[in-house]
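Notes follow the structure.
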Amino acid sequence: MKLKTLFILTLLNSFIIGQDLTTYPWPLAPTNQSKLISGTFCEYRSTSASGHYHNAVDIPAPAGTPVLAVLPGTVITTYSGDPTGYDNYIRVRSIIDGKSKDITYYHTNPVKSVGQTVNAGDVVSTIAIDHVHLIEYYLGNTSLEVNPIRPDGGLTPYIDQWKPSIRSVRFFVDGTNTQLSTNYIGGKVDIIVHIQEANWSGSGSGTNNGTYAIGYKILLPDYQTVVYNPPSNSLRYRYYIKPLNDYVNYNYYQPEASTTNHVYIITNGNGADDVHQTRRILNNYWDADQLPDGNYVVMVYTYDTRGNADTVYVPIYKTSVDLIPPSQTNLKAIVSDTTNKITLHWEENPTPDLKGHRIYFSFSNSGWTLRDNENVVTA
């Protein structure tokens with residue numbers, strides 16, 4: 001009797017996220033003119049307890065301004081139960097080449113009903129407060145948000161001649177708030193970058209947006225020779241589609257990131273291509289110990305959806321010297337008996353490379369004297 005083995009293959013992530021070339025005009029008149037963006041796609045939002053990605057672009061206009069359908073379609077959802085208008089919205093579904101394309105006009109008061117058909121340019125709602133939060137969904141996927149100002153689709157025309165600005169580059173021990181000096185970099189390192197994207201030459205909204213793409217390389221002091229090129233040819237994040245909100249605090253640095261302060265951990269994740277397909281950003285780091293001790297340059301770059309770019313170069317010194325002090329040992333008790341013998345009790349210190357402790361004494365709370373060192377009081 002022959003035995004047959006059946007192999008069943010399960011394909012994970014079988015949905016490949018490619019380009020979405022859909023274009024459409026602006027939802028505010030005149031619809032053929034580029035407008036200010038006061039909030040970009042995937043920038044950080046601190047308006048929830050754990051933070052989240054901004055899943056749209058914000059287009060400012062006064063309350064009551066008519067909001068126009070950018071594509072013909074059918075109204076599939078409306079909500080108008082919020083008296084402030086903040087959570088009110090209307091969602092319109094279009095069919096393009098047999099695939100669904102959903103657009104949601106959030107923070108707006110609907111004037112159309114579910115089931116009604118609309119043409120491009122029809123009034124579908126009015127702005128409730130001070131902007132329309134325009135959410136576009138990836139063609140053929142009604143739950144995956146895509147960037148409405150991406151380089152190859154979305155709002156057309158979109159003109160942006162102002163570059164993002166890298167405001168700071170800092171180095172921390174991986175997964176901690178322990179900052180490293182650029183003169184002493186070693187071990188597993190997080191690179192923390194503060195970026196402001198500008199959308200116009202004025203002030204306020206439109207000048208402190210999140211960026212589109214970020215990356216880094218490690219160079220020799222000649223500023224040319226690359227000694228470490230991270231995955232995806234050094235590009236860490238590219239916000240074409242929205243990653244899952246569960247990973248926003250691996251993408252952005254807490255406690256500093258906020259709605260108006262976009263501070264990125266650019267060493268996390270496995271590169272922009274992996275983040276694009278998996279929508280996940282897990283903890284990661286730059287392993288500086290893979291390089292010999294010496295002088296290097298960290299190159300950090302960013303660009304927006306129209307190719308405006310900024311690059312900074314940070315000279316560092318990589319060292320193998322242990323830069324991180326052990327955590328503090330918690331003293332539990334000091335016990336003195338009738339013979340004046342003193343016994344110290346402390347909790348076990350969790351630092352894995354702890355060598356030991358030093359015990360000092362003083363009779364006057366000054367002029368402390370070493371009693372035993374780490375070679376006697378070992379870990």
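Scan T329, T351, T339 and give me the residue that is of a type in the set (V, I, T) and exposed (fewer than 10 other Cβ atoms within 10 Å of the Cβ). Even if it seems obvious, please write down each step before you answer.
On the way: T329 fails: exposed (fewer than 10 other Cβ atoms within 10 Å of the Cβ); T351 fails: exposed (fewer than 10 other Cβ atoms within 10 Å of the Cβ).
Exactly one of T329, T351, T339 is of a type in the set (V, I, T) and exposed (fewer than 10 other Cβ atoms within 10 Å of the Cβ), namely T339.
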- Query: Within the set of pairs 6+ apart or on separate chains, which have a first residue in the range 283-296 that is closer than 16 Å to T225 by Cα, a second that is part of a helix (DSSP H, G or I) and not acidic (D, E), and C-beta atoms under 9 Å apart?
  - Reply: Y296/A288
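Show me the strands (runs of 3 or more DSSP E) entirely contained within the range 1-108 in which 2 or more residues are in contact with an Asp or Glu (Cβ under 7 Å, 6 or more places away or on another chain) and modelled with pLDDT of 95 or more. Let's see the steps before the verdict.
Working: elements: 57-60, 66-68, 73-79, 89-96, 99-106.
Here the list reads 89-96.
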- Item | Pairs where the first residue, in the range 48-59, is on the phi > 0 side of the Ramachandran plot and the second is surrounded by 19 or more Cβ atoms within 10 Å (Cβ to Cβ) and charged (D, E, K, R), C-beta under 9 Å, 6+ apart | G51/R45
- Item | Among residues of the range 236-265, those that are under 15 Å from R280 (Cα atoms) and either surrounded by fewer than 20 Cβ atoms within 10 Å (Cβ to Cβ) or acidic (D, E) (or both), counted | 6
- Item | Scope the range 335-379; condition more than 18 Å from D322 (Cα to Cα), among the hydroxyl-bearing types (S, T, Y) and assigned to a loop (DSSP other than H, G, I, E, B); matching residues | T338, T339, S362, S364, S366
- Among the candidates I159, I191, I185, single out the residue that is in contact with a helix residue (DSSP H, G or I) (Cβ under 8 Å, 6 or more places away or on another chain) and either of a type in the set (A, V, I, L, M) or not assigned by the TED database to the domain that holds A257 (or both). I185
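Of the residues that sit in the range 97-122 and are in contact with a Leu (Cβ under 6 Å, 6 or more places away or on another chain) and of a type outside the set (G, A, S), which one is farthest from P60 (Cα to Cα)? Steps first, please.
First, the residues of the range 97-122 that are in contact with a Leu (Cβ under 6 Å, 6 or more places away or on another chain): 99, 101, 120-121.
Still in the running and of a type outside the set (G, A, S): 99, 101.
Details: K99: 30, K101: 23 Å.
Step by step, filter the range 97-122, then rank; the result is K99.
Restrict the check to the range 45-53 and report whether at least one residue is of a type outside the set (A, V, I, L, M), surrounded by 21 or more Cβ atoms within 10 Å (Cβ to Cβ), over 24 Å from G121 (Cβ atoms) and in the same structural domain as Y106 (by the TED database).
Taking the range 45-53 as the starting set, the residues that turn out to be of a type outside the set (A, V, I, L, M) are 45-48, 50-53.
Narrowing further to those that are surrounded by 21 or more Cβ atoms within 10 Å (Cβ to Cβ): 53.
Okay, now just the ones that are also over 24 Å from G121 (Cβ atoms), so 53.
Narrowing further to those that are in the same structural domain as Y106 (by the TED database): 53.
Within the range 45-53 (the criterion being of a type outside the set (A, V, I, L, M), surrounded by 21 or more Cβ atoms within 10 Å (Cβ to Cβ), over 24 Å from G121 (Cβ atoms) and in the same structural domain as Y106 (by the TED database)), the answer is yes, since at least one residue qualifies.
Tell me, which residue of the range 184-204 that is among the polar types (S, T, N, Q) and modelled with pLDDT under 95 is nearest to S38 (Cα to Cα)? Let's see the steps before the verdict.
Filtering the range 184-204 for residues among the polar types (S, T, N, Q) gives 196, 199, 201, 203.
Right, trim to modelled with pLDDT under 95 and you get 199, 201, 203.
On the way: N199: 8, S201: 12, S203: 11 Å.
The extreme case among them is N199.
The values are calculated or read from the model by the stated rules, or taken from the named source; none is laboratory data. Everything numeric in this text was worked out from a predicted model, so none of it was measured. FYI the Cβ positions are ideal-geometry reconstructions off the backbone, even for glycines, and counts take in every protein chain you see.
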